[in-house]
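The values are calculated or read from the model by the stated rules, or taken from the named source; none is laboratory data. Note that the structure is predicted; figures quoted are calculated from it, not measured. Don't worry about glycine lacking a Cβ; one is built from the backbone with ideal geometry, like all the others, and counts go over all protein chains shown. Side chains are part of the model used for accessible areas, which takes the heavy atoms of the whole protein and leaves out ligands, DNA and RNA. Shrake-Rupley method; radii C 1.70, N 1.55, O 1.52, S 1.80 Å.
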Amino acid sequence: MLLGIDVSNWQGTVDWAGHADDGVAFAFAKATEGGDYTDKWFARNWNGMRESWLVCGAYHFARPKGDPIEQARHFLSTIGSAGGLRRGDLVALDLETNDGLRPEQVARYARRWCQHVARHAGVRPFIYTFHSFAHGGHCAGLADYPLWIASPESPRGRPPVPRPWSDWTIHQYANSPLDRNLFHGTRQDLTRLGFHPR
């Protein structure tokens, strides 16, 4: 089991070396939201993770009402500006709001975003979501992407798995005072799900 955390601008300055010393092996930092918002701490977090030898992850907060291709480009360009992807780096789509759209519209947005990122960055995104949101049909057609399930009320490493998935890959098992995650496997298993230069 590997321990991980995820952060955004809400955490401010993150002590990456301290987390690494405490046994944290991987992390995700918020990079972008929608088509034009960039997390002001992202570049610092991305480099801090890298310097502390964590498996680096970046996530995009989905705004399904917007253009998925524009949002995917914004996400990839933000990562590029912070130093780009290296072997084993992870990316994720944070899918937890419908912006007032129907479930099938949200799912279509997510599929198009993921396809663009997979095609242009050569890495399959994780899907971060929670049980009731997935259960409502917002994740239809995303079973081929690894599931990062938010389920802090479940026992650690035993979250319920919503359709369309048959298994979880990362479990966010706590969200206070920090979002804490678990990956069932080795560091090598995790980086295998990440970026590999063509």
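Worth pointing out:
- Those residues of region 167-183 which are in a strand (DSSP E or B) and either without any contact (Cβ under 8 Å) to a residue 24 or more places away in the chain or touching a helix residue (DSSP H, G or I) at 6+ places or on another chain (Cβ under 7 Å) (or both), in sequence order: His171, Tyr173, Ala174, Phe183
- Of all residues assigned to region 89-106, none qualifies as being closer than 21 Å to Val7 by Cα, in contact (Cβ under 8 Å) with a residue 40 or more places away in the chain, open to solvent by less than 30 Å² (accessible area, probe 1.4 Å) and out of contact with any strand residue (DSSP E or B) (no Cβ under 7 Å at 6 or more places or on another chain).
- The residues of region 47-92 that are of a type in the set (A, V, I, L, M, F, W, C) and touching a Cys at 6+ places or on another chain (Cβ under 6 Å) amount to a single one, Met49.
- Whenever a residue of region 18-35 is touching a residue at least 12 places away in the same chain (Cβ under 8 Å) and within 25 Å of Leu95 (Cβ to Cβ), its partners that are open to solvent by 30 Å² or more (accessible area, probe 1.4 Å) and polar (S, T, N, Q), lying with C-beta atoms within less than 6 angstrom and at least six residues away or across chains, give the pairs Thr32/Thr38.
- Which numbered condition Gly84 misses (of (1) under 23 Å from Trp168 (Cβ atoms); (2) modelled with pLDDT of 95 or more): (1)
- Qualifying residue in region 166-174 (condition: surrounded by fewer than 18 Cβ atoms within 10 Å (Cβ to Cβ), under 18 Å from His19 (Cβ atoms) and either acidic (Asp, Glu) or out of contact with any Cys (no Cβ under 7 Å at 6 or more places or on another chain) (or both)): yes
- Residues that are farther than 30 Å from His19 by Cβ and in contact with a Leu (Cβ under 9 Å, 6 or more places away or on another chain) occur at least once in region 127-150.
- Subset of region 69-81 [in contact (Cβ under 8 Å) with a residue 40 or more places away in the chain, in contact with a helix residue (DSSP H, G or I) (Cβ under 9 Å, 6 or more places away or on another chain) and open to solvent by 10 Å² or more (accessible area, probe 1.4 Å)]: Ile69, Arg73, Leu76, Thr78
- Test result for Ala118, among the aliphatic types (A, V, I, L, M), open to solvent by less than 40 Å² (accessible area, probe 1.4 Å) and in contact with a helix residue (DSSP H, G or I) (Cβ under 9 Å, 6 or more places away or on another chain): no
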